[in-house]
Amino acid sequence: MSGETKRIAVIPGDGIGPEVIREAVQTLELLRDTHGVQLQFEHFDWSADRYLRDGTSLPDGVLTMLAENFDAILAGAFGDPRVPSNQHAEDILLGMRRGLDLYINLRPVRLFHNDLTPLRNRTTEEIDFVVFRENTEGAYCGAGGFLRKGTAVEIATQEELNTRAGVERIIVAAFEYARQHNRRRVTMADKSNVQRFGGDLWQRVFKEVSARYPEIEARHQYVDAMTMFMVLDPAQYDVIVTNNLFGDILTDLGAALQGGLGMAASGNIHPGRTSLFEPVHGSAPPLAGKNVANPVGAILTAAMMLEYLDYGRASRALEDAVRYTVEQRQTTSDLGGSLSTADVGKRIRERISSAKSE
């Protein structure tokens, strides 16, 4: 697979998205020379600016175009206060996740330096796990509505949908990842003591699937307990699997453990298909255009994309360069450094080049 040129759709998006994606793309371009990465980029102007200009969010037919013509999508961030409904962001992000059936939201939680975590006396060896968040169902399916809206007796319903097929495939993906990456334990998080119907489905499927992987320890925790244990004893986790809502919450906590949202990468994946890779941090409008945003989350997201595209050696080189720059305090202010967005990207690329020549 890695011998062929891969086509990458680049969607910088809103706010700090264009700034951090610029650094990620420039780093990927360097890897063409240093590690033989064969990537071809095509940029798409889907953003709040475009939406406000002509009403375009996700154009008709674009999902088919992406699925047929591209190997992966690298996106920045979406959201702009000029679009208070956030309609364009929902159309683009949720449209791609659902329309391309990207059922795995994969988020690594990996500490690159002991000083980055807010936890006392925790080390890089103790904070190193991944979260498999179901990405197409659950509480984010959009089901629900209002009765007597705007009155004193208004009722709002928000429904959560769980299908057998959807639950099973995300749990299988978590166990397959554990097997392929020599992870010894998969922990499922739910709230089945209260959410009895969806929780019962998750419990039964988890038990059935785990029996297929006898070499991997299968554990269960209620999600509220997990938030506590992630702080008290993060070393117990290798792979976490959970639903859409709980995964969203747990991964933001995980990002804090590894140094903040500026360090957090993610992939929206359907194995073997065109998949979407985006940093977690959001568009951060107050920081836009100031050259102060942390590009590491976007650059680590690019590393995830490289691994997905079978460029494992280049992915590891990129992660090693990030680790080196963090250790050398060559970071933006959120990590205690004084460098700009562009300077951090430059230092990471310099490290890739120098490490290659060593």
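The values are calculated or read from the model by the stated rules, or taken from the named source; none is laboratory data. Bear in mind that the values here come from a model prediction, so they are computed numbers and not experimental data. Note: ideal-geometry Cβ built from the backbone for every residue, glycine included; neighbour counts use all protein chains shown.
Pairs, please: C-beta under 6 Å, at least 6 apart or cross-chain, first residue assigned to a helix (DSSP H, G or I) and in the stretch 317-337, second of a type in the set (Gly, Ala, Ser) and surrounded by fewer than 22 Cβ atoms within 10 Å (Cβ to Cβ)?
Between residues of the stretch 317-337 that are assigned to a helix (DSSP H, G or I) and residues that are of a type in the set (Gly, Ala, Ser) and surrounded by fewer than 22 Cβ atoms within 10 Å (Cβ to Cβ), the close pairs are Asp334/Gly260.
I'd like the full set of residues that are small (Gly, Ala, Ser) and either in contact with a Phe, Trp or Tyr (Cβ under 9 Å, 6 or more places away or on another chain) or crowded, with 23+ Cβ neighbours inside 10 Å (or both), limited to the stretch 206-234. Working first, answer last.
In the first step, residues of the stretch 206-234 are kept if they are small (Gly, Ala, Ser); the result is 210-211, 218, 225.
Listed by number, the residues that qualify are Ser210, Ala218.
Quick check: is even one residue across the stretch 85-98 in a loop (DSSP other than H, G, I, E, B), more than 24 Å from Glu307 (Cβ to Cβ) and out of contact with any strand residue (DSSP E or B) (no Cβ under 8 Å at 6 or more places or on another chain)?
Yes, the conditions are met somewhere in the stretch 85-98.
Might you check whether a residue that is small (Gly, Ala, Ser) and at negative phi occurs anywhere in the stretch 116-138?
no
Which numbered condition in (1) surrounded by fewer than 18 Cβ atoms within 10 Å (Cβ to Cβ); (2) not in a helix (DSSP H, G or I) is the only one that Arg133 fails?
(1)
Working only within the stretch 239-256, note down all residues that are crowded, with 21+ Cβ neighbours inside 10 Å and either closer than 25 Å to Leu335 by Cα or without any contact (Cβ under 8 Å) to a residue 12 or more places away in the chain (or both).
Answer for the stretch 239-256, where residues must be crowded, with 21+ Cβ neighbours inside 10 Å and either closer than 25 Å to Leu335 by Cα or without any contact (Cβ under 8 Å) to a residue 12 or more places away in the chain (or both): Gly247, Leu250, Thr251, Gly254, Ala255.
Can you tell me how many residues within the stretch 305-335 are surrounded by fewer than 24 Cβ atoms within 10 Å (Cβ to Cβ) and aromatic (Phe, Trp, Tyr)?
2
Quick check on the stretch 141-157. Is at least one of its residues within 21 Å of the chain's Cα centre (by Cα), of a type in the set (Ser, Thr, Tyr) and assigned by TED's automatic domain parsing to the domain that holds Ile171?
No - not one qualifying residue is present in the stretch 141-157.
Among the residues of the stretch 64-89, which ones are more than 20 Å from Ile21 (Cβ to Cβ) and either under 20 Å from the mean Cα position of the chain (by Cα) or hydroxyl-bearing (Ser, Thr, Tyr) (or both)?
Passing the criteria: Thr64, Ala67, Ser85.
Based on this model, can you work out whether Arg22 counts as in the same structural domain as Asn268 (by TED's automatic domain parsing), assigned to a helix (DSSP H, G or I) and free of Cβ contacts under 8 Å to residues at least 12 places away in the same chain? If you could, list the steps in order and put the result at the bottom.
Values: in the same structural domain as Asn268 (by TED's automatic domain parsing): yes; assigned to a helix (DSSP H, G or I): yes; free of Cβ contacts under 8 Å to residues at least 12 places away in the same chain: no.
It is false that Arg22 is in the same structural domain as Asn268 (by TED's automatic domain parsing), assigned to a helix (DSSP H, G or I) and free of Cβ contacts under 8 Å to residues at least 12 places away in the same chain.
Quick check on my filter: what residues within the stretch 150-193 are of a type in the set (S, T, N, Q), without any contact (Cβ under 8 Å) to a residue 24 or more places away in the chain and assigned to a strand (DSSP E or B)?
Answer for the stretch 150-193, where residues must be of a type in the set (S, T, N, Q), without any contact (Cβ under 8 Å) to a residue 24 or more places away in the chain and assigned to a strand (DSSP E or B): Thr157, Gln158.
Here is a list: Ala298, Ala302. Which entry is surrounded by 24 or more Cβ atoms within 10 Å (Cβ to Cβ), part of a helix (DSSP H, G or I) and in contact with a Gly (Cβ under 8 Å, 6 or more places away or on another chain)?
Ala298
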